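What follows is a single structure, written as structure tokens, with notes after it.
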Amino acid sequence: MNDSPNAMMDRQRREEFPSHQVGYVDFICEPLYEHLVHQEHLEYLRHLAAKDTNNIDNNGPIWTSLDPMLEGCRKNRENWSALKVKKEEPGVES
């Protein structure tokens with residue numbers, strides 16, 4: 001088992017963490033929360049469950065309650081982005 005850890009998990013490469021985290025937020029977290037918060041998926045689910053839409057209609061408050069998660073995701077990205085910029089500045093060492 002002499003495998004190297006994934007770059008996001010490798011402590012020897014911690015200077016890359018900010019860049020990895022910004023990418024993770026940009027391509028996974030933010031699009032997911034945006035999608036859920038704006039309920040774009042509900043119309044598709046209504047189409048699939050045309051006979052029983054009560055469950056889907058009653059889930060609206062669950063999805064809109066994810067607004068704080070979306071905002072937290074964006075704040076988290078700002079923090080990681082600031083660290084990324086700081087690491088990229090000349091003369092800045094870990």
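The values are calculated or read from the model by the stated rules, or taken from the named source; none is laboratory data. Everything numeric here is computed off the predicted structure, so don't read it as measured data. So basically every Cβ, Gly included, is an ideal-geometry build from the backbone, and we count neighbours across all protein chains shown.
Numbers for the structure displayed
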item	result
Qualifying residue in the range 13-36 (condition: outside any helix (DSSP H, G or I) and modelled with pLDDT of 60 or more)	no
Residue match in the range 61-72 (condition: assigned to a helix (DSSP H, G or I), loosely packed, with under 11 Cβ neighbours inside 10 Å and modelled with pLDDT of 80 or more)	yes
Close pairs from the range 18-31: first within 15 Å of LEU66 (Cα to Cα), partner hydrophobic (A, V, I, L, M, F, W, C), Cβ under 9 Å, at least 6 apart	CYS29/MET69; CYS29/LEU70; CYS29/CYS73; GLU30/LEU70; GLU30/CYS73
